[in-house]
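Working notes, beginning with the structure itself.
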Amino acid sequence: MLPDNPVERYGSPKGTSEHMADWPKYAKITGPIVMIGFGSIGRGTLPLIERHFDYDPKRFVVIDPEDSDKELLDERGIRFISEHVTKKNYKKLLKPLLSEGEGQGFCVNLSVDTSSLDIMKLCRQIDVLYIDTVVEPWLGFYFDSKADNASRTNYALRETVREEKRKNPGGTTAVSCCGANPGMVSWFVKQALVNLAADTRAGIKTPAPDDREGWARLMRDLGVKGIHIAERDTQRTKLPKPFDTFWNTWSVEGFVSEGLQPSELGWGTHEKWMPKNGKKHKKGCKAAIYLEQPGANTRVRTWCPTPGAQYGFLVTHNESISIADFFTVRDKKGKVTYRPTCHYAYHPCNDAVLSLHEMFGAAGRPQPVFHVLDENELVDGIDELGVLLYGHKKNAYWYGSQLSLDETRKLAPYQNATGLQVSSAVLAGMVWALENPQAGIVEADEMDFHRCLEVQMPYLGPVNGYYTDWTPLDGRPGLFPEDIDKADPWQFRNILVK
C-alpha cells in the first residue's frame, strides 16, 4: 500500500534553515576539547561544535593518523596530531591533552579501532566528559579468527560497558553510542510511542513516562511487538562506482567491520520460531540473539515511506540490543514477561549495495580501496531514517527523518545527509552531557529524549510519522512455496529472507 499522509502535527519543528539566522549557544566547554578521529563524521561535527558551544580554539585538539583535511583545522587555529591512538599509547597521549589547564575537558571519540571502554574509563578517572557513537574495540577485534562469533558480537561489546556502569555507578558523564543509530533512533522510539498512544487512546493525552519501567509498560500496553530501525538511503553519485572499491555515504571501515560481525537482533517475547543458526547468550541481559552469519549478508523485509516495502540488511547495531533491553518488562521475581524484537533493517545507497555484493562475492574479502562519498560527489537523494513500530492496533507506524542532500547543504558544511544525521546527534549528546555532567555512563535510551530531539531537530529536515497497513506477508506466497506463519504476520520467521 502507498504510505498514508504524514501525521502533520508530528512534523518538523521551527528552526529549519530558513528560520535560523542565529545559531543558539547551548553551553561553554571550559576545558580542552579532544576529538579522536577526523573522518566524515569528525569533519561534520566540527562546524556544529563551532556554532553551538563557547570554547577556546587554542585548547581544541584533533587526533587522526590521516592529515588529508588538516587545512580545515589550520584555518581555525585548531591543533592537529597525526597519530594512531592505540592500546599502548592512549594513556600517555590522551591524559596530558585532556587534563591540561583549568576547566572540565570533553573527549569526542569519533574514531575506529580505539577502545571506547578504555578511553571512557580514563576520561571518567580525570573528570573529563566523554561521548562516542559506537562501542568500538581495539584494532583486531572484528577480524580475530581465533575468537568465536559470540565474543565478536556487539552484545559482548555492550556488556563490557554495562558491567563498568554496574561496578562504578554515577560519576562523570560518559555518553555511549550516540550517533544517528545507535543514538537518535532511541529518541525516535520514545516520540513514536507518545504519538501512537495519542492516536490509539481516543485522544486521551498520555504523559511521557519518567522512568524505564514506565516506558516498557507503555510499549507493552500499546501492543508493540517489535521495532525495525528502517532506513533507505537514496543519495546518488555523479559517476559510476569503479570496480574493486567500496563506496559508502559514511565510514566504510565502520560499515565493513559491523557488516562482517554476526547478525544480531533484540529478541521479543512474541517470537515462536528461531532460525536454526540462531544463538542465545548465556550471560548478561539476554535481550538479544545472534545468527551464525554476517549481518551485511542477511536480508529482512521492512518498510519505509518513500519506497514502501523493501529489503534491508540486518546489520548488528548497539540499539538493537539496548532498545530491546530498555523496554523489557519483568515480574516481581525478575522473569521477563514482555520484550520487543528490535533490529536494524538497512538499505544503504546503491553504490554501497553494489560494494557489498562485490565483497561477499569474494568470500567477504574487502576491496583494497575504501571511499566515503562527500557532498560534492553526490547529485541528490535523501537518507530516510526512522523507526517502524509494528504489531499494534494500527498495524505499523514509521517515524523519522527524511533529510535530503539539498537541505543538508543549506544546513551545515562538510557532510552529506547521512553524516548530518549522525553529527547532529553527537551535538545533542554533547549538550545533554554538559547539562548533566554527573550522570555516569549512559546510553541514548537513558537520556532525556525530548531535550535531545529539541537540539537535533533543526538538522533533520522533515521529521514525520506515517501509518501503513503493510505487513511482511503482503503478496506472499507468490509463485513458489514459502515457510511462513500466516497466523501472525509479525513473526521474525516472516521477516527474515531465507
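At q = 0.24, 0.29 Å⁻¹, what log₁₀ I(q)/I(0) does a Debye calculation on the Cα points of segment 227-291 give, no solvent, two decimals? Result of the Debye calculation: -1.17, -1.38.
Once the C-beta distance of GLU213 and ARG451 is scaled by a Förster radius of 22 Å, the resulting FRET efficiency is 0.60 to the nearest 0.05. Modelled spin-label separation between GLN438 and ASN350, with each label point placed 7 Å from Cα along the Cα-to-Cβ direction: 5.6 nm. Basic side chains Lys and Arg get +1 at the Cβ, acidic Asp and Glu get -1 at the Cβ, and with that the dipole of segment 25-172 about its Cα centre reaches some 560 debye. Dimensions of segment 410-490 from C-alpha coordinates, computed as largest minus smallest value along each principal axis and given longest first, are 56, 35, 20 Å. Based on DSSP loop calls and a cut-off of at most 15 other Cβ atoms within 10 Å, the longest stretch of the chain free of exposed chymotrypsin sites (Phe, Trp or Tyr not before Pro) is what? Segment 274-498 is the longest.
Please enumerate, by chain and number, the lysines with C-alpha under 21 Å from the C-alpha of LYS332, excluding those fewer than 8 residues away in the same chain. Partners within reach: LYS283, LYS286.
For segment 241-318, which trypsin sites (Lys or Arg not before Pro) are both in a DSSP coil and crowded by at most 13 other Cβ atoms within 10 Å? Show your work: numbers first, answer last.
Working: sites: LYS272, LYS276, LYS279, LYS280, LYS282, LYS283, LYS286, ARG299, ARG301; in loops: LYS272, LYS276, LYS282, LYS283, LYS286.
Listed in order of number, the matching sites are LYS272, LYS276, LYS282, LYS283.
With Cα atoms as the point set, segment 181-249 shows a radius of gyration and Dmax of 18.6, 56 Å. Remark: the LYS205-GLN310 segment gains 34.4 nm on full extension, using 0.36 nm per residue and subtracting the alpha carbon distance. Can you divide the C-alpha Rg of segment 346-437 by 2.2 N^0.38 Å and report the result to two decimal places? With N residues counted in segment 346-437, Rg over 2.2 N^0.38 Å equals 1.39.
Helices in the chain that qualify as membrane-span-like (whole DSSP H runs, Cα extent of at least 15 Å along the helix axis, mean Kyte-Doolittle hydropathy of -1.0 or higher) are 40-52, 184-200, 350-361, 417-435. Quick one: if the Förster radius is 56 Å, what FRET efficiency do LYS146 and ASP67 give, using the C-beta to C-beta distance and rounding to 0.05? For R0 = 56 Å, the calculated efficiency reads 0.95. Computed extension gain for LYS58 through ARG166, at 0.36 nm per residue and net of the alpha carbon distance, reaches 35.2 nm. Other residues whose C-beta falls under 12 angstrom from the C-beta of GLU164 contribute a net charge of +4, scoring Lys and Arg +1 and Asp and Glu -1. For segment 416-498, applying the loop criterion from DSSP together with a ceiling of 15 other beta carbons within 10 Å to the GluC sites (Glu not before Pro) yields GLU482. For LYS25, the lysines whose Cα falls under 24 Å of its own Cα, not counting residues fewer than eight places away in the same chain, are LYS14, LYS58, LYS410. Overall size of segment 126-219 from C-alpha positions, given as principal axis extents largest first: 56, 34, 22 Å. In this simple spin-label model, placing a label point 7 Å from the Cα along the Cα-to-Cβ direction at both GLN293 and ASN89 gives a separation of 4.2 nm. All Cα-Cα separations within the chain were binned at 20 Å from zero, giving a P(r) of 24, 60, 15, 0, each value a whole percent of the pairs. If you take the alpha carbon atoms of segment 283-421 and fit the smallest convex hull around them, that volume is 160 Å³ per residue. Counting only lysines at least 8 places from LYS87 when in the same chain, those with an alpha carbon closer than 20 Å to its own are LYS95, LYS121, LYS146.
Where a number appears in this text, it was derived from the coordinates with a stated rule and is not lab data. Predicted model, so just to flag it, every value in this text is computed and none were measured. Backbone-built Cβ (ideal geometry, glycine too); neighbour counts: all protein chains shown.
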